[in-house]
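J.: To start, I am sharing the structure in question, which I have written as C-alpha cells.
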Amino acid sequence: MARVTLEDCIKHEDDNRFNIILAAAKRAHQINKGGTPLVPADNDKPTVIALREIAEDKVSIEAIMAYEEEIDAMF
C-alpha cells in the first residue's frame, strides 16, 4: 500500500484542495456502496482508493460531482 497525499491529487496550481477532498469523499461513498474501483484495491479503504483514482487520473473531480448532482436530482 503506497501512501497517497493530497499533493498527489493536485494537478494544477488552481486546483481547490477542498473540492478534491469533497470529490474523494463522494467517490469513496460510491465505492463503499458497491461501485467498481478503477485501481487495484490492495486491501485499501475506499477513501484511499478514491484518492488513488484521482491521483492517477482514472476519474475526474468534475465527473464525480456531475454524477452526484444527477443522483441528487432524482430524489
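The values are calculated or read from the model by the stated rules, or taken from the named source; none is laboratory data. Since the structure is predicted, the reported quantities are computational estimates derived from the model, not experimental observations. We place every Cβ from the backbone using ideal geometry, glycine too, and count neighbours over all the protein chains shown.
J.: Could you list all residues from segment 23-75 that are under 16 Å from residue 4 (Cα atoms), free of Cβ contacts under 8 Å to residues at least 12 places away in the same chain and of a type in the set (A, V, I, L, M)?
T.: Scanning segment 23-75 gives a single hit, 41.
J.: Now for a separate question. Quick check on residue 43: is it loosely packed, with under 15 Cβ neighbours inside 10 Å and under 14 Å from residue 64 (Cβ atoms)?
T.: The answer is no for residue 43.
J.: If we keep just the residues of segment 9-20 that are surrounded by 15 or more Cβ atoms within 10 Å (Cβ to Cβ) and outside any loop (DSSP other than H, G, I, E, B), which is modelled with the lowest pLDDT?
T.: 9
J.: Continuing with the same structure: Among the residues of segment 23-40, count how many are surrounded by 16 or more Cβ atoms within 10 Å (Cβ to Cβ) and in a helix (DSSP H, G or I).
T.: Total satisfying the criteria: 7.
J.: Now for a different question. Count, please, the residues in segment 50-75 that happen to be hydrophobic (A, V, I, L, M, F, W, C) and within 13 Å of residue 9 (Cβ to Cβ).
T.: Matching residues across segment 50-75 total 7.
J.: Out of all the residues in segment 36-58, which are polar (S, T, N, Q) and in contact with a Leu (Cβ under 6 Å, 6 or more places away or on another chain)?
T.: none
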